[in-house]
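Each remark here refers to the structure printed beneath this line.
The values are calculated or read from the model by the stated rules, or taken from the named source; none is laboratory data. If you're wondering where the values come from, they're calculated on a predicted model, not measured in any experiment. Positions of Cβ are backbone-derived with ideal geometry, glycine not excepted, and every protein chain shown enters the neighbour counts. With ligands, DNA and RNA removed, areas are computed over all heavy atoms of the protein, side chains included. Shrake-Rupley method; radii C 1.70, N 1.55, O 1.52, S 1.80 Å.
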Amino acid sequence: MLKSLILLRGIHISSTNWSSTKAQLLKLRKKTGYPFESCKKALQLNDNSLEKSEAWLKEEAQRLGWAKANKLANRATAQGVIAFAIDSQKEVATMVEVNCETDFVARNKCFHSVVEVVTSSCLDFAKQQKALENSFSKVNLKSGDLMELSGAEGKSLADHVAVTIGNLGENVTLRRATCLNTRDTGLNIMGLTHPANITGSHFFSGKYGSLLIYRKQLDAEKINQRSMESSHDEILRQMCQHVIGMNPKSVGVLNIHEPIKSQEVVAPKTLNENDDSSMDSIDEKSSESTIEEDGMLEQAFLLDPSITVGQVATDYGIDILDFVRYECGES
């Protein structure tokens, strides 16, 4: 009888301990996202301490990630995304290119998570830059510069990339970034990606991207009545579409009186940001066009080839000072 009671008590204690361990396991798994086996091992090695187990998992992921990163370092990364972020005042912005091996991984949530970390870090870097007197700050960062930037949890972006490589089993590289700051200059920034996918609450990504630095005219007499037909933001987005589709090489010179030359380009009246086929057709037609002007202001406006971009800018009271254009994988 006594032996039976001791046995039952032992079973009860063992069952209670397992329930407690299972609860800890589920909690750790939900918090970290690591596999059950890894979470179980972490708890066993750390006396069921959630805090210690979480730290151990992160260290292990970092170690395995760096090992995997070194192993895959020579693999080509021709796919990926272009992402950008702009602050709420439209005065600070960044655009980044993060590459991977396959288009499948480029659509992966884990990959988008590291893209968000990189974009956020670059936006923080842009905020630290000071705009030049009567101008703006524009800093281009290369791969090595990006890897040294600090990301979430105080880790370098190199560490974040290593963990991502370990999770995905595919090489990931940070190719480039541009950081803009126009604070206290009266200038603002507009951006667009194509296709316009959202990777986070303030981050936008696609295969193409453009940022436009502009100033609004304050003199109402200089603004054509046409500016009342559409909002400035809509026109600015269309100008960003123009930068993506027509790939100008410079801002160019404003000459609103020069007539449009005969061109073979027939641009659509509207452009669906999420339609890849529309952008592909624009690329094909623009490559076959006889347009000689590389300056954006002298080019025929993508959405209305009967007028130039310079004429559109004048009609809507917009001064274009600079732009940035990224195309994923471009040489």
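Some observations on this one:
- Residue check: A267 meets all listed conditions (1) open to solvent by 50 Å² or more (accessible area, probe 1.4 Å); (2) among the aliphatic types (A, V, I, L, M); (3) modelled with pLDDT under 90 but one, namely (1).
- Which numbered condition V161 fails, given (1) buried (at least 21 other Cβ atoms within 10 Å of the Cβ); (2) part of a loop (DSSP other than H, G, I, E, B): (2)
- Residue in the range 71-92 that is at positive phi, modelled with pLDDT of 75 or more, loosely packed, with under 14 Cβ neighbours inside 10 Å and not hydrophobic (A, V, I, L, M, F, W, C) present: no
- Any hit, the range 119-134, residues being open to solvent by less than 50 Å² (accessible area, probe 1.4 Å) and in contact with a Phe, Trp or Tyr (Cβ under 8 Å, 6 or more places away or on another chain): yes
- Scope the range 74-105; condition touching a Cys at 6+ places or on another chain (Cβ under 7 Å) and part of a strand (DSSP E or B); matching residues: Q79, G80, V81, I82, T94, V96, E97
- Counted residues, the range 117-135 - those being at pLDDT below 95 and either in contact with a strand residue (DSSP E or B) (Cβ under 6 Å, 6 or more places away or on another chain) or among the charged types (D, E, K, R) (or both): 4
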